[in-house]
Structure formats: C-alpha cells, structure tokens
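Participant: Here it is, the structure, as structure tokens.
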Amino acid sequence: MSELQDKIAKRRTFAIISHPDAGKTTLTEKLLLYGGAIHLAGSVKSRKANRHAVSDWMEIEKQRGISVTSSVLQFDYDGYRVNILDTPGHQDFSEDTYRTLIAADSAVMLIDAAKGVEPQTKKLFWVCHRRKLPIFTFVNKLDRYGRAPMDLMDEIEKVLHINAYPINWPIGTDGHYIGVYDRLKKQVELFDNDSSHGSRILKSTTGDLNDPAIKEAIGEENYKNLLDDIELLDLAGDEFDLARVDAGELTPMFFGSAMTNFGVRPFLEKFLELSPEPQPRKLKDGEILRPDDEDFSAFIFKIQANMNPAHRDRISFMRICSGKFEKGMSVYHVQGGNMIKLAQPQQFMAQERTAVEEAYPGDIIGIFDPGIFTIGDTLCSEKHKIQFEDFPIFPPEIFAKVQPKDSLKRKQFEKGIVQLAQEGAIQIFHQRNVGMESFIVGVVGVLQLEVLEYRLKNEYNAQLILDQLPYTVARWVYAEQADDILNIKGLDNGMLVFDKKERPVVLVSNEWNLNWILERNPKIKFTMVPTEARAI
C-alpha cells in the first residue's frame, strides 16, 4: 500500500443530519470531547455558564441556540483523521446542508428517542438516499423518557423504507438505561453514574453477557428483557451486511445520549470501523476520479465571510478528492482559468484554526479567498485539468426587495449582499431599467432573511429596508429569441428579473399563475434550474 493509499484508508468524512433540537450540535461536541479536541464540553443550553456549543461560532447562533451555517471540524481518534460536517438542522437553511452533503462520504442521522422520525429528518434522509450515501443512525436522548427501541426501529424501516440493523441495544427501561449490548462483539458495556452532566468522558465496564458480575449489575428483570430482545432481533431482523450499508440500503443503528455521553464512545469507535473511507468522485464528463489518483484535485463546497470579525476575512472550504495537498502549492482554478497559490491553508475546530502543512483525500481545509471563488469551483493540477459535476441550485421560494436604510452606507450594503450571495446564503437578482438602488433577494426559508438582516448590521455596519414580495415560484427561462423573453405575455402578476450571470428569471405568486404564463408563451422554456438559460 502506498503512503497515499494508507492516508486515505485512515480518513473519515461525514455529515450529521437531523431535525432541529434532536441534539446534533451536542453530539458533534461530544465526539470532539472523545477525540481529545476539547477537554470540557459546554452545552448549548448552558446559558448561565456563558458556554455554547463549539461548532456554533456565529453570534446569532449563540443567541438563538440553533445552527444556521455548516461547521467544519477535525480531530484524530485511534489513528483515524475525522472530518465532521455539522449541518444546520433548520429547514430554512437546507440549501447549506445539501451542499455540505456533497462533500461527505457518509451521514449520521440523529433521531430523538421521544419524537422518532421528524419531517426535516425525512427530507434530509432522502437527499442522502438519492446520493446513495451510507447512513448511520444514532437514537439520541436515552436519558429521557422516550419510545421503545423496537418501535423506533420499526418506524425507521416503515417511514424511510430502509432496513435497520441495531449494532447495539440499550439495557434498562425507559429513561433509565444503564448500558448497551454490542451485537457484533456479543458483549455488554455498562456506564458509570456520573455527576459531571456530560462535560467529561463517561467511564464504563465491559464484560460477557454470561459473566455473573455483569448479570448482577444488570439486574434480573433487565437481564431477562435483554435476552428476549436479542432473541427477537436475531430471529426477525436483518443480517448485517456491510455491502448493503455502503450502498445506502441498510442503516446500522446505535442508541445513546449525547447529553450524558452514554453510548457515545461505542458509537464513535464502531462508526470509524464500519464507515467508508474517501470515495471516488464523478466528473462533469461522466468519468470517475479515484482518490488514490496522484494528481491533486478538490472542489469548493462552502464559503464563509467574516469568520474572524477582527480581520473581515473570507474563507473558502474545499474537499480534497485526490492526490496530496501541500502548503504553498500552485493549483489550476478551472472556473477562473488561471493558476493560483494556496498560501494560507487552515483546518478548523469550529472557529479555532491551525495551519496545515499537508492534507489528503477526504480532508476539508479552508483557504484564504480574496473573492475569486464560488461554490462548486474545481481546483486541480495544471497537467491534469478536470472539472467536477455542477452543484445543484435550488429555486428560492421567498423573495424580498432590499435596499440600504442609509444611502451613505451604500458601499457596505452592496459588499455585504454580494459576499453573502457568494456564500450561498442568499440568491440575488435585479430588475432592468429601474436603477441599481435595490436588489431582489431570494431565499428558501424566511429565517434566512433574519440572518441576512442581522449579518449586514453586525458584520458590514449596514442596515436595510426590506419589503417582502408576493412571489413563491421562480423559473429560469430560455428562448431562441431574446425578445420573446423581454416581452413575456401574461406577466401582469409577476416579475422578470436577472440573476448574477444576467440569466433571465420569472417570479410569480403561485403555480396557477405560472401555468397561465406557460400557455401564452409556447416559444419559451421554463426550468427550475438554470440549465439552458443564458445571459441576455
């Protein structure tokens, strides 16, 4: 095995997905705790202690207790280099989550033990399922009263149409679980009672199911229930098949509590053992690029301005797909058509940064961006020019006209709007022949408008006037003759705008109005993504 192949085999890059409040950010932080990246975990809920989740670095996230942008975190554990992509759970930020999933090789789906499979979980699961991502399930909040493990397993299979294989099974009763049984190792792990409320690593004892001391510690009733459950799972459940896991057809299932650290270490160790190493990537021409290809390649999947407010910097996050990255190397920027030097590479533990000398396929690194990158850009070696598949673009469903409150702050306002659009936080459009005093902003969720307003004020010192528009449908349009688009019939209750590449887009209030326009403009093609639309 070459050095490159050895490095690849020890990389794990995954995203954590869930409905809001399932405990995703808490689990992320506890994985960092077990990985030694932090020594004392602070909960999102510890407002009085003035501590917030490590991965929620943006001020608005700390105030609201939710994640509104993806975080990138690295740590080492047992010889593995782990890259975690912590995604926002709130549906208003699902675009950011979708883009992040493109950079992942697998996903961890977090389920609240009391609530089961929730709407946003379903939505994100299907995105993973369509991409055939291996999905690992962690049933969280076992420290509270919740639903029976068998019921949760049944719901996952019926609602998500994926077979589940519990790797471990909780020992105890509702809200009072004392340990887990590892079905593959056929051993019990019992966790100590701990008064640190999850801020420190939880100690445990492992042993054989037939060990008299283990039997006594479990208790007669719990022991009998555990044997019954194991028998039922072995008789009625699926066989464990790693090939089906890799194909996204079988989800390994774990039980625990991120808040108390119950079951976190067994999950982490088994996940690193079973989850896939960095996978091949599809190129725009349909070819497949293997990670052990010696030529360097990467793509930009996230851009974040003002991670360090003192320096007003802009960082582009890239996923390395093949070859070896070395600090100071020059690479070819496909979309820019020129060579660039990657001089200040960094890896992240949330907003904490460390300089990177070298990195390998699967690693996520941040590079200083003077404003030349956009999401989906390809970086590669000059001699082996390639281009990765285009990132999906999602049509916005909420629109607003925005302009600066103070005309003297026009410059800061424009800079903020443009940079946030480059991040993918918003999409911007403009009308022609009405001046450039205002922008039309499109978002997927209304909470994105709140974040826009907050960040413009706090990061760019620019307040805005925001008027929400009565449109919910956007379609890019294409026609052989530009005049057919500029003179669209039936657009009385809609608006013709242009995106940042001057491609025409029609905004209308609902699907009924869209159909009305479709019928009156047979020469125009309407699409949800700008596949054929061109600048006019």
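The values are calculated or read from the model by the stated rules, or taken from the named source; none is laboratory data. As the structure is a computational prediction, the values presented were derived from the model and not from experiment. In this analysis, Cβ positions are derived from the backbone assuming ideal geometry, glycine residues included, and neighbour counts consider all displayed protein chains. SASA here: full protein model, heavy atoms, side chains in, ligands and nucleic acids out. Shrake-Rupley method; radii C 1.70, N 1.55, O 1.52, S 1.80 Å.
Participant: Could you tell me the distance between the Cα centroids of the stretch 258-289 and the stretch 384-451, to the nearest Å?
Facilitator: Cα centroid of the stretch 258-289 versus Cα centroid of the stretch 384-451: 33 Å apart.
Participant: With a ≥ b ≥ c the root eigenvalues of the C-alpha gyration tensor of the stretch 161-284, is it rounded (a/c under 1.5), prolate (a/b larger than b/c) or oblate?
Facilitator: Judged from the Cα gyration tensor, the stretch 161-284 comes out oblate (a/c at least 1.5, b/c at or above a/b).
Participant: Still on this structure, I have one more. Counting only protein heavy atoms, what percent of the accessible surface of the chain is carbon or sulfur at a 1.4 Å probe?
Facilitator: 48
Participant: Now, a different point. Could you list the square roots of 5 times each eigenvalue of the Cα gyration tensor of the stretch 383-434, that is, the equivalent ellipsoid semi-axes, sorted largest first and rounded to whole Å?
Facilitator: Taking √(5λ) for each Cα gyration eigenvalue gives 29, 16, 11 Å.
Participant: OK, next. Tell me which residues come under 5 Å, amide H to amide H, from Val139 once H is placed; ignore anything under 5 positions away on its chain.
Facilitator: For Val139, whose amide H was placed from the backbone, the distant partners under 5 Å are Ile111, Phe254, Phe255, Gly256.
Participant: With Rg and the Kirkwood Rh both taken from Cα atoms, where does Rg over Rh land for the chain?
Facilitator: Ratio of gyration radius to Kirkwood radius for the chain: 1.00.
Participant: How long is the gain from Asp174 to Lys203 if the chain were fully straight, where each residue apart is worth 0.36 nm and the alpha carbon distance is subtracted?
Facilitator: Full extension from Asp174 to Lys203 adds 8.3 nm.
Participant: Can you compute the FRET efficiency between Trp512 and Glu389 using 1/(1 + (r/R0)^6), with r the Cβ-Cβ distance and R0 = 56 Å? Round to the nearest 0.05.
Facilitator: So, using R0 = 56 Å, E works out to roughly 0.95.
Participant: What does the charge count around Asp228 come to, taking other residues whose C-beta lies under 12 Å from its C-beta (Lys +1, Arg +1, Asp -1, Glu -1)?
Facilitator: Surrounding charge for Asp228 is -3.
Participant: Same structure again: Full extension from Lys158 to Lys215: what is 0.36 nm times the residue separation minus their Cα-Cα distance, to one decimal in nm?
Facilitator: 17.1 nm
Participant: Compute the projected area of the convex hull of the Cα atoms of the stretch 407-463, averaged over all viewing directions, and report it in nm² to one decimal place.
Facilitator: 3.9
Participant: Ranked highest first by the average count of other Cβ atoms within 10 Å around their residues, in what order do 507-513, 441-447, 26-32 fall?
Facilitator: The packing order, highest mean first, is 26-32, 441-447, 507-513.
Participant: Which whole-angstrom value gives the distance between the alpha carbon centres of the stretch 130-146 and the stretch 160-205?
Facilitator: So the two Cα centres are separated by 14 Å.
Participant: Okay, next question. Leaving out ligands and nucleic acids, note down the accessible area per residue over the chain with a 1.4 angstrom probe, in whole Å².
Facilitator: 44
Participant: Can I ask one more? Work out from phi, with θ = phi - 60° and the Karplus expression 6.51 cos²θ - 1.76 cosθ + 1.60, the ³J(HN,Hα) of each residue of the stretch 266-274, listed in order in whole Hz, and give x for Gly and Pro.
Facilitator: These are the phi-based 3J(HN,Hα) values: x, 5, 4, 5, 6, 4, 4, 6, 9 Hz.
Participant: Multiplying the sequence separation of Arg131 and Ala247 by 0.36 nm and subtracting their Cα-Cα distance, what value in nm do you get?
Facilitator: Difference between extended and current length: 40.8 nm.
Participant: Report, ordered by chain and residue number, the lysines lying within cross-link reach of Lys141, taken as a straight Cα distance under 23 Å and ignoring same-chain residues fewer than 8 apart.
Facilitator: Straight-distance partners of Lys141: Lys24, Lys30, Lys45, Lys48, Lys62, Lys115, Lys122, Lys123, Lys158, Lys203, Lys270.
Participant: Shifting gears a bit: How large is the dipole of the chain about the Cα centre if only Lys and Arg carry +1 and Asp and Glu carry -1, each at its Cβ, rounded to the nearest 20 debye?
Facilitator: Dipole size: approximately 1940 debye.
Participant: Considering lysine pairs in the stretch 310-451 that are 8 or more places apart or on different chains, how many have Cα atoms under 30 Å apart?
Facilitator: Counting lysine pairs in the stretch 310-451 gives 15.
Participant: I need the P(r) histogram for the stretch 360-459: all alpha carbon pairs, bin width 10 Å from 0 out to the longest distance, whole percents.
Facilitator: Distribution as computed: 12, 38, 31, 15, 5 percent.
Participant: Quick one: divide the alpha-carbon radius of gyration of the stretch 485-536 by 2.2 N^0.38 Å and tell me what you get.
Facilitator: Normalised Rg, Cα atoms only: 1.07.
Participant: Another one. Restricting things to alpha carbons, tell me how big the stretch 139-232 is in terms of Rg and Dmax, in Å.
Facilitator: Radius of gyration, then largest Cα-Cα span, for the stretch 139-232: 14.0, 40 Å.
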